[in-house]
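Colleague: My questions will all concern the structure given below.
The values are calculated or read from the model by the stated rules, or taken from the named source; none is laboratory data. Note that the structure is predicted; figures quoted are calculated from it, not measured. Cβ placement follows ideal geometry from the backbone for every residue including glycine, while neighbour counts extend to all protein chains displayed.
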Amino acid sequence: MKTYLVIGATGSIGSKITELLKNNNHEVIKGSSAKHTNENFIHIDLTDNATIGKLIEYNQPLDGIIFASGYEPKQSLKEMSLDHQNKMIQIHVTGPLNTIKVLLKNLKENASIIFISSIAAYKGSYDPMYATVKGAINSLCKTLAVELSKNKIRVNCIAPGLVEDSVVYKGMTQDFREKHINNTLDKKLATVDDCANTINFLLTQEHITGQVIHINGGQYFGA
Ligand SMILES: NC(=O)c1ccc[n+]([C@@H]2O[C@H](COP(=O)([O-])OP(=O)(O)OC[C@H]3O[C@@H](n4cnc5c(N)ncnc54)[C@H](OP(=O)(O)O)[C@@H]3O)[C@@H](O)[C@H]2O)c1
């Protein structure tokens, strides 16, 4: 049995990977920006350095951290506010980076870190900050894979296209959903199962590190 911290465990992808890990008899600790009374939750607000700093007191040894957290694309260039820019950077990049820095002491040898990037890192997004932070996650993944190899910790990333039935999908018009489907080669969207199964694969493959795995039905081939 292994112990994983899933940050964003209440989300579409986070809840599916949590379910899969539990079904495989692993222990899952859920990180949430909300304060839960349930003992399986720890309070981690990626926009708040004080909650991240408090993790110094957290002693649970971990076999991995999965960042399934996120803040969906919301603003085009014309609408772009400073608040939105900061939130995007904090939730996707600086929050995870600082969390890893504090929780490094908890990560066991052979532990694994997973980020969720997006096809937006490669093809762009109507929200320029979203595409930007997803590109940054790819770079963070690769640089941490090198840095943390000294600690025998692997770092990988998945980059899904639009995920069926996710919060972003539900907020989209049918026309937009169909545009995404038609851009794939298999005329299908990614599912939360596709994402959870790929995360689980990356957690178990001891010779894979620094990789970004595309889950997009051939919408983008990778480079
Ligand atoms: N859905 C898609 O189509 C799609 C496609 C490509 C990539 N992705 C990426 O996949 C990841 C997960 O997406 P999703 O669709 O599962 O998202 P989601 O359902 O909106 O869930 C996002 C999670 O992030 C957590 N969160 C929000 N603000 C936070 C904060 N300040 N600190 C810590 N956690 C915070 C929330 O949990 P709490 O409220 O409990 O904190 C929530 O459970 C995101 O990074 C997203 O960009 C999604």
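Colleague: Can you list residue pairs whose Cβ atoms sit under 6 Å apart, with the first residue in the stretch 104-115 being closer than 12 Å to LYS152 by Cβ and in a strand (DSSP E or B) and the second being at pLDDT 95 or above and not hydrophobic (A, V, I, L, M, F, W, C)? Count only pairs 6 or more apart in sequence or on different chains.
Modeller: LYS108/PRO61; LYS108/ASP63; GLU109/LYS152; ASN110/LYS152; ALA111/ASP63; ALA111/GLY64; SER112/GLY64; SER112/ARG154
Colleague: Return the total of residues in the stretch 169-190 being closer than 20 Å to GLY11 by Cα and either in contact with a Phe, Trp or Tyr (Cβ under 9 Å, 6 or more places away or on another chain) or surrounded by fewer than 18 Cβ atoms within 10 Å (Cβ to Cβ) (or both). Spell out how you get there, then give the answer.
Modeller: Going residue by residue through the stretch 169-190, those that are closer than 20 Å to GLY11 by Cα are 169-172, 177, 189-190.
Right, trim to either in contact with a Phe, Trp or Tyr (Cβ under 9 Å, 6 or more places away or on another chain) or surrounded by fewer than 18 Cβ atoms within 10 Å (Cβ to Cβ) (or both) and you get 169-172, 177, 189.
Final tally of qualifying residues: 6.
Colleague: I would also like to ask the following. So which residues in the stretch 185-202 are among the polar types (S, T, N, Q) and more than 13 Å from the ligand (Cβ to nearest atom)? Write out each step before concluding.
Modeller: Looking only at the stretch 185-202, we keep the residues that are among the polar types (S, T, N, Q), and these are 191, 197-198, 200.
Answer for the stretch 185-202, where residues must be among the polar types (S, T, N, Q) and more than 13 Å from the ligand (Cβ to nearest atom): ASN197, ASN200.
Colleague: Which numbered condition trips up ASP48, out of (1) within 8 Å of the ligand (Cβ to nearest atom); (2) surrounded by 20 or more Cβ atoms within 10 Å (Cβ to Cβ)?
Modeller: Failing condition for ASP48: (2).
Colleague: Then there's this: Between residues in the stretch 23-40 that are part of a loop (DSSP other than H, G, I, E, B) and residues that are of a type in the set (A, V, I, L, M) and surrounded by 10 or more Cβ atoms within 10 Å (Cβ to Cβ), which pairs lie under 8 Å by C-beta distance while being six or more apart or on different chains?
Modeller: SER33/ILE44; SER33/LEU46; ASN40/VAL28; ASN40/ILE29
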